[in-house]
């Protein structure tokens, strides 16, 4: 059984079918990229898997359990974590406090956050920060961090519920090339160490080709190709779609 099974997934907005019957699997220990030009249906698909949008039809199963119909909080408790295109951290809190807040939310203690948070889940938070290389900066306010480090803190927060599946929406948006590659190399190692699956959307093709185990490509709401780097690079439908947006794949592996 696959970790994630998506079958005949559809989403209609008025008369527009934004996602048109797509199906794909994701395995534990796999880094799967969801790519396509603007308007392809990537964000809609991503948000349906995370519960932010409910499908018009189809099925989304995590280890055989249906996710459709559940709110994002319930999906998180079932083992799905998420990071966002714009890093969702509290700038006024320290690095470790941000991760503690994520742990408090997961353990359903968010309504008692006014209590002395400094002693709650601190060890667990420090362990997560150690995994993303941010333990040494635990006491710094997030407002003082470089953007690449903020994204690492957000990644630690995304791991607070020990996810089986991590959803990463444009994880390297706004980052310099070295920061992009450092973050994705870290993510790749976490996938291996934790045997979790990662589904990510990404516009930087160098990141996709360098780090994704496999890719699925959407265009106009339909899945037009899936496979490894060579399969996608040589697929005529994919070439047609990306030539139309001014992109090519010959230089996409340069890191």
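In the range 52-83, what count of residues is obtained for those that are in contact (Cβ under 8 Å) with a residue 12 or more places away in the chain and farther than 16 Å from residue 161 by Cα?
So the count comes out to 17.
Scan the range 184-226 for residues that are under 12 Å from the mean Cα position of the chain (by Cα), part of a helix (DSSP H, G or I) and more than 18 Å from residue 27 (Cβ to Cβ) and jot them down.
Passing the criteria: only 184.
Among the helices (runs of 4 or more DSSP H) confined wholly to the range 68-147, which include 1 or more residues that are loosely packed, with under 13 Cβ neighbours inside 10 Å and modelled with pLDDT of 85 or more? It would help to see each step written out before you state the result.
Details: elements: 72-77, 95-106, 122-131.
Correct list: 72-77, 122-131.
Condition first: within 24 Å of residue 27 (Cα to Cα) and surrounded by 20 or more Cβ atoms within 10 Å (Cβ to Cβ). Now tell me which residues in the range 153-162 satisfy that.
Within the range 153-162, 154, 155, 156, 157, 158, 159, 160, 161 meet the criteria.
Considering (1) part of a loop (DSSP other than H, G, I, E, B); (2) out of contact with any helix residue (DSSP H, G or I) (no Cβ under 6 Å at 6 or more places or on another chain); (3) surrounded by 14 or more Cβ atoms within 10 Å (Cβ to Cβ), say which one residue 48 fails and leave the rest.
Status for residue 48: all satisfied but (1).
The values are calculated or read from the model by the stated rules, or taken from the named source; none is laboratory data. None of the values given here were measured: they were computed from a predicted structure. Note that each Cβ is placed from the backbone with ideal geometry, even for glycine, and that neighbours are counted across all protein chains shown.
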